[in-house]
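Notes follow once the structure below has been shown.
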Amino acid sequence: QVQPVESGGGLVQSGGSLRLSCAASGSIFSINAMGWYRQAPGKQRELVAAITSGGSTNYADSVKGRFTISRDNAKNTVYLQMNSLEPEDTAVYYCNAHLRPDSRPNTYRYWGQGTQVTVSS
């Protein structure tokens, strides 16, 4: 079983920074992509940023220029550097790993338990 585990959330003032980390462990043959999603109260979960094994990145328009996603393939770990945080960034942030758990071609998505990010004004 694969389990992504997030860390690094917390409370920060508007304009501040936080760095989230997510390490995927367990039965992993290869990882196609890893990403960060967030869900604010009363809203749907949305993509924040994603990165492929080759390093291609994708960002939500609302975080472009403020957030940076990076990845350490050797450690099966993805990071999200969040700068210039705004109260609208307050949400539970979830890590997602899209991977092959064994040599068969089937791929699956696994979710972390989430980490709370709260930005005060």
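The values are calculated or read from the model by the stated rules, or taken from the named source; none is laboratory data. Model, not experiment: these values are computed from the prediction. For neighbour counting, all protein chains shown are included, and Cβ atoms are generated from backbone atoms with ideal geometry for every residue, glycine included. Heads up: the accessible areas ignore ligands, DNA and RNA and are worked out on the full protein's heavy atoms, side chains in. Shrake-Rupley method; radii C 1.70, N 1.55, O 1.52, S 1.80 Å.
Some points to look at:
- The residues of region 32-52 that are assigned to a loop (DSSP other than H, G, I, E, B) and within 14 Å of the chain's Cα centre (by Cα) amount to a single one, R45.
- Look at region 58-77: where a residue is more than 12 Å from E46 (Cβ to Cβ) and free of Cβ contacts under 8 Å to residues at least 60 places away in the same chain, no partner that is assigned to a loop (DSSP other than H, G, I, E, B) and of a type in the set (D, E, K, R) sits 6+ places away or on another chain with Cβ atoms under 7 Å.
- Scanning region 8-31 for residues that are open to solvent by 60 Å² or more (accessible area, probe 1.4 Å), part of a strand (DSSP E or B) and modelled with pLDDT of 95 or more turns up L11, Q13, R19.
- Hey, Q113 in a loop (DSSP other than H, G, I, E, B), open to solvent by 20 Å² or more (accessible area, probe 1.4 Å) and more than 26 Å from G26 (Cα to Cα) or not: no
- Hits in region 58-110 (condition: over 23 Å from Q3 (Cβ atoms), open to solvent by 10 Å² or more (accessible area, probe 1.4 Å) and aromatic (F, W, Y)): Y59
- Residues (in contact (Cβ under 8 Å) with a residue 12 or more places away in the chain, open to solvent by 50 Å² or more (accessible area, probe 1.4 Å) and not hydroxyl-bearing (S, T, Y)) located in region 44-57: R45, E46, L47
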